[in-house]
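Just below is one structure, and these are the notes that go with it.
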Amino acid sequence: MLDNPIVIASLIVGLLGALLLFAGLARLRRGRLLGALGRIGSGSLLLALGLLAGSIAFNLYSYHRFTHEQDVATLRFRQLGPQRYAADLALAGTATAHRYELRGDEWQLDARVLKWRGAATLLGLDSRYRLERLSGRYRDLHQERQAARTVHDLSDDRGLDVFTLARNHPRWLPWLDADYGSAAYLPMADGAEYRVSLTQAGLVARPANAAARAAVQRWK
């Protein structure tokens with residue numbers, strides 16, 4: 001985390017703010033009111049800015065770095081009953097899979113993507129992504145409206161919500177594009193395995209075994 005420019009900047013600004021604040025309090029104890037108030041005000045402002053930048057950086061680390069097309073997850077399915085499946089989701093780079101129960105005929109994976117622009121790209125900041133939810137879908141529209149839905153939250157939301165802040169207040173973060181959401185969906189089938197990648201165009205899901213390829217062929 002310490003190699004991130006935002007983290008470094010927040011630490012420097014916060015440290016300067018703390019030093020000014022302590023200097024102002026020391027002057028206040030010595031009875032130098034005017035000099036104390038100026039340093040206390042400046043120190044408090046810098047400290048608040050440092051804490052804000054640190055909170056933004058902390059939230060950014062709930063996202064993964066994205067520089068080119070890369071695998072983000074693997075999904076494996078086992079049928080439990082009619083339109084009921086156990087889905088094992090393994091994130092790229094991890095050996096542990098998390099199991100979720102999904103209802104329906106298809107699965108859908110959603111992600112958020114944060115893209116830097118303007119001067120921020122000159123700092124070497126990479127785009128970042130975060131998987132948001134895994135859900136089940138019904139092919140039949142009536143079932144989609146009436147039948148039981150299954151939606152699972154995948155996000156690890158920490159610190160200030162940068163995505164919402166950049167989307168609702170673009171003037172505050174003009175160098176951050178948060179208008180990019182993406183989703184991929186394909187049919188569920190017993191024994192099917194899929195690999196999900198993120199490209200510049202968004203999430204892309206591909207069959208990874210014969211059961212998944214057969215399910216996609218029937219689905220088309």
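Just one of (1) touching a helix residue (DSSP H, G or I) at 6+ places or on another chain (Cβ under 9 Å); (2) modelled with pLDDT of 95 or more; (3) surrounded by 16 or more Cβ atoms within 10 Å (Cβ to Cβ); (4) not in a strand (DSSP E or B) fails for TYR194. It is (4).
Picking from residues in segment 92-122 that are modelled with pLDDT of 90 or more and among the aliphatic types (A, V, I, L, M), the one that is nearest to LEU134 (Cα to Cα) is LEU109. Is there a residue in segment 138-147 that is modelled with pLDDT of 75 or more, under 23 Å from ASP88 (Cβ atoms) and touching a Leu at 6+ places or on another chain (Cβ under 9 Å)? Checked segment 138-147: no residue is modelled with pLDDT of 75 or more, under 23 Å from ASP88 (Cβ atoms) and touching a Leu at 6+ places or on another chain (Cβ under 9 Å).
The values are calculated or read from the model by the stated rules, or taken from the named source; none is laboratory data. Just so it is clear, the model here is predicted, and its values are computed rather than measured. Every residue, glycine as well, gets a Cβ built from its backbone with ideal geometry; the counts of neighbours run over all protein chains shown.
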